[in-house]
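The next block holds one structure in the form of structure tokens; read it before the comments.
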Amino acid sequence: MAKKCIVGLSGGVDSATSALIMQQQGYDVIGCSLLLHKDSSADDASRVAEHLRIPLHIEDCRAQFENKVIRNFIESYCKGLTPNPCVICNRNMKFVFLEKIRQQYNADYIVTGHYARLTTEDGYIKLRKALDPSKDQSYFLYSISPDILRLTHFPLGEFSKKHVRQIAQEASIPVAQKQDSQDICFVPTGKYHDFILQNSHIKPEPGSIVSEDGKCLGSHQGIINYTIGQRKGLGISASQPMYVKSLDANKNTVIVATRDQLATQIIWLEDVRFINEKFSGECSVKIRSSSPVLEGNVQVNEHGIYYVQLKHPETAIAPGQHCVFYKDDLVIGGGMINLASKRTCNGCTNCRCSC
């Protein structure tokens, strides 16, 4: 009897090709389209399922997505953070629902179109980078539980995007030439400020743009208009170029500094997760999905707080993004980048010491 798998069909070429590959490998394939936000559609997923002659399960997840992803996205921006909703969605939404549907159909595996690889060594599941570094998506998957990863297949981990499109084209898959999404799925325009205003009762309040020593250099129309490392559009006058260093939501201020003042070698983390055993020591890290790999050392202090000591100073480290740990192509784990001034140390909430 053929093994059965649930393939998350987003309507794009990657998930469609994943379904095709599993079908060609002899699996009994069931497509699953998750409706995540108000603009979600199962139309392209339906076309793919019809073409492959597989059943399609459509799951309406919009209410849960609103609560777990969109609300978090909006609230994080208003706190002065730079959130990565794809990491949160994978952990709290997509894989949770796919696992629920896998159990519902008594299927053996979950399958998605992510560019990553899975291996099993000494009884442990290992998450690894995709062979094509330009498409690798392991960064977004570091917080998926190993129990779910054991039941997951990523068929595209060894392919380039060009090869995937070629496979889809040769099989006449109807979305073979569909363009990839370049932005967050629920903000296709990339205009985060407009999205927040349209989808919340938040009204940005004017405030001050200040230097690190507290000198007022200008004013802003709401901290949600700014991101860490931003230089353009500040509207201030200074003797040298200034960049956004941090955002203080409590004081409603934008703190700016020179590029040299932005640089730091310490990254404080929260909600740290490991795929297998806990880890400390030398490794490489990524501080954004598109950032280059940096050399660093993962450490935990006596209070159980994890941090990364970078080998070289780095600018524009944004709280709310995720720092993911690697050993060569192996994903070890990661955590959300935290504001140093918000971490708790012996009951202190405004501590910048090394403890």
Could you list the square roots of 5 times each eigenvalue of the Cα gyration tensor of region 66-127, that is, the equivalent ellipsoid semi-axes, sorted largest first and rounded to whole Å? 29, 17, 9
How much length, in nm to one decimal, is gained on full extension between residue 1 and residue 25, taken as 0.36 nm per residue of separation minus their Cα-Cα distance? 7.3 nm
Based on Cβ point charges of +1 for Lys and Arg and -1 for Asp and Glu, what charge dipole magnitude is obtained for region 93-205 about its Cα centre, in debye rounded to the nearest 20? 140 debye
Step through the residues of region 235-242 one at a time and calculate ³J(HN,Hα) from phi using the Karplus curve (6.51 cos²θ - 1.76 cosθ + 1.60, θ = phi - 60°), rounding each to whole Hz and writing x for Gly and Pro. x, 10, 10, 8, 6, 8, x, 10
Would you list which lysines come within 20 Å of residue 286, measuring only between C-alpha atoms, while excluding same-chain residues fewer than 8 positions from it? 126, 129, 135, 245, 278, 311, 327
Once Lys and Arg get +1 and Asp and Glu get -1 on their Cβ, which of 261, 223, 250 lies farthest toward the positive end of the dipole of region 222-287? 223
I'm spelling it out carefully: the read-out is Cα extents along the principal axes in Å, the candidates are [x] 70, 46, 36; [y] 53, 45, 42; [z] 68, 42, 41, and one was derived from this structure. Which label? [x]
Let me know the shape class of region 126-193, please: from the alpha-carbon gyration tensor, a ≥ b ≥ c as square roots of the eigenvalues, rounded when a/c is under 1.5, otherwise prolate if a/b is greater than b/c, or oblate. oblate
Once the in-chain neighbours fewer than 8 apart are removed, the aspartates and glutamates whose Cα is under 20 Å from residue 191 read 39, 66, 75, 180, 183, 205
The chain, helix-only ellipticity at 222 nm - DSSP H runs n ≥ 4, -39,500 (n - 2.57), divided by all residues, nearest 500: -5500 deg cm²/dmol
Please label the shape of region 1-146 as rounded, prolate or oblate, based on the square roots a ≥ b ≥ c of the eigenvalues of the alpha-carbon gyration tensor (a/c under 1.5 means rounded; beyond that, a/b larger than b/c means prolate, else oblate). oblate
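So what is the accessible area of region 90-177 per residue, in Å², with the probe set to 1.4 Å?
With all protein chains present, region 90-177 gives 45 Å² per residue.
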For region 157-303, what class follows from the C-alpha gyration tensor (a ≥ b ≥ c being the square roots of its eigenvalues): rounded when a/c is under 1.5, otherwise prolate if a/b is larger than b/c, else oblate? oblate
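Pop out the carbon and sulfur fraction of the accessible area of region 167-224 as a percent, whole number, probe 1.4 Å.
48 percent
The values are calculated or read from the model by the stated rules, or taken from the named source; none is laboratory data. Quick caveat, the model's predicted, so the values are computed rather than measured. Please note: Cβ atoms are built from the backbone with ideal geometry, for glycine as well, and neighbour counts cover all protein chains shown. Ligands, DNA and RNA are excluded from the accessible area calculation, which covers all protein heavy atoms including side chains. Shrake-Rupley method; radii C 1.70, N 1.55, O 1.52, S 1.80 Å.
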